[in-house]
Amino acid sequence: MKVSQDQQKALKKIISWYQNLQKEKQQRLQKNLPPLRDQYVTLGGYAGTGKTTLISVFRHILYKISPQLKVGFISYTGKATRILKNKLQENQAIFGDDSVTTIHSLIYSPLTNNKEEIIGWQIKDEIDKDFLIIDEASMVTREIWQDLQAYKKPILAVGDHGQLPPIGGNFNLMQNPDVKLTKIHRQARGNPIIEVATLAREKGEIPVKKYGKGIMKMDRTSWETQETVTQLLEEYDENTIILCGYNNTRVRINQQIRGFLGYHTPHPEVGDRVICLRNNHEKGIFNGMLGQIKHIEPHNKKWLFARIEMEDGFDFEGLILKEQFNAKEALNFSKRRRETLEGDLFDFGYAMTVHKAQGSQAKRVILFEERFKQMDDEAWRRWLYTGVTRAEEELFVIGDSQPLNKQNKVL
């Protein structure tokens, strides 16, 4: 694997950190001192800068330094983990007892009843890894980060420091990375999605035009755009993510797509795509996780009992709040939060806000540009950039032909 000049500089910093850490570890052992708690370094890189290539090269170097080292590659979602594993395998960067899993499956273990059904999760006392490499680390919440650090293992946290911070709270592991990659890799320069992402990140503005096959920005006021959007929504499938800013837009699009798919009640049904709206560590579900309803039945007037096949490869079973579906706010953050604690919160997941889509990717992304009044220019650039970088192959941005100000008015 060839690395560019800026990648070489970043790699030297990470190797130097690791070697210094090993020296300090030996010195502390000789003095009978406990190991350092904060043994980590953060690597930030924009889309197209070659973060995964750098991870792979670093793993090869670790193998030469210590062939017996067990590395745990981890990411926040199952889909992100699968993408990482494929790239590592392409680069032959998985050795011996390495593993590539979600953070949750590495550090939490299931609690089961006498029927072998999972009824909860608890943090493991130990993990059989010597070194942790986190991908998509911009998704990591404060609570999960504290759980990871508690194992006192060296950690390389890798993420995109141009994205939005994690959902909720004010913790952002990637806010100011120790090491940064900012130069777009040569192989990525011709990628039109990277071109659009760079415009979003640097200027907060994507001009109306076609950037490549299936990659374009359309003027929302054009009748042709309206026809195209209707067709795109009618073609919705599991390989599509629809993103927006306003909850009103999200609810309206969810209703429209459910109608196209043959669902004609406002209540969730078997086959519906749903999104988790609140973390529940005991059940292994997190804000933004997607799933599909496999079974659902009334529990009482307020709650439904559901079995949901989550995208991360396990089934959730439990009570979900009926009223949350098609609601314009997450009731977890309302004055009625106490009323929601008996079960969990889900909503329809065909369309979602960009904040909820962090960590998700899809072959086709449809992004409606919608700017909140309280967004400053930096927050807007992060929002737009995060939305664009969810796309793997096709990207349709629907917005105005001129940039917006905070009031969603053309400048």
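If you wrap the stretch 144-230 in the convex hull of its Cα atoms and look at it from every side, the mean projected area works out to 9.2 nm². Calculated from the structure, Cα extents along the principal axes in Å equals which of [x] 66, 45, 39; [y] 65, 41, 41; [z] 69, 56, 37? Step by step, Cα extents along the principal axes in Å for this structure corresponds to label [z]. Computed from backbone phi with θ = phi - 60° and the Karplus coefficients 6.51, -1.76 and 1.60, the 3J(HN,Hα) list for the stretch 188-203 is 8, 5, x, 7, x, 5, 5, 4, 5, 4, 5, 4, 4, 6, 8, 10 Hz; x is used for glycine and proline. All Cα-Cα separations within the stretch 283-411 were binned at 10 Å from zero, giving a P(r) of 11, 34, 31, 19, 5, 0, each value a whole percent of the pairs. Note on the chain: helix-only mean residue ellipticity at 222 nm, from DSSP H runs of 4+ residues weighted -39500 (n - 2.57) and normalised by residue number, equals -9000 deg cm²/dmol. Take each peptide in 350-362, 10-22, 326-338, count the other Cβ atoms within 10 Å of every residue, and average; sorted highest first, the result is 350-362, 10-22, 326-338. P(r) tail for the stretch 221-331: Cα pairs beyond 25 Å make up 23% of the total. Taking amide H atoms as placed 1.01 Å from N in the peptide plane, the amide H of I215 lies under 5 Å from those of L395, each 5 or more residues away in sequence or on another chain.
Pairs K203/K328; K31/K153; K183/K210; K12/K356; K183/K217; K51/K373: which are spaced more than 27 Å apart, C-alpha to C-alpha? With Cα atoms farther than 27 Å apart: K203/K328; K12/K356; K51/K373.
Residues whose amide H falls under 5 Å from that of C244, counting only those 5 or more places apart or on a different chain, are M352, T353, V354, F368, with hydrogens built in the peptide plane. Descending by average beta-carbon neighbour count within 10 Å, the peptides 61-73, 381-393, 292-304 line up as 381-393, 61-73, 292-304, the highest first. Around the amide H of H185, modelled in the peptide plane, lie the amide H atoms of T49, G50, all under 5 Å away and 5 or more residues distant in sequence or on another chain.
For the peptides 339-347, 141-149, residues were scored by their other Cβ atoms within 10 Å and the scores averaged per peptide; the highest-first order is 339-347, 141-149.
In the P(r) worked out for the stretch 223-286, what percent of Cα pairs fall beyond 13 Å? Within the stretch 223-286, distances greater than 13 Å cover 72 percent of Cα pairs. Note that the stretch 61-211 carries a Kirkwood radius of 17.8 Å, evaluated over its alpha carbons pair by pair.
Computed over protein heavy atoms with a 1.4 Å probe, the carbon and sulfur contribution to the accessible area of the stretch 1-54 reaches 47%.
Summed over the residues of the stretch 23-106 and divided among them, the accessible surface reaches 50 Å² per residue at a probe radius of 1.4 Å. For the set F171, F58, the ranking by accessible area, highest first and with no ligand, DNA or RNA atoms included, is F171, F58 under a 1.4 Å probe.
The values are calculated or read from the model by the stated rules, or taken from the named source; none is laboratory data. Please read these numbers as outputs of a predicted model, since none were measured by experiment. As a convention, Cβ positions derive from the backbone with ideal geometry for all residues, glycine included, and neighbour counts pool all protein chains shown. Only protein heavy atoms, including side chains, enter the accessible area calculation; ligands, DNA and RNA are left aside. Shrake-Rupley method; radii C 1.70, N 1.55, O 1.52, S 1.80 Å.
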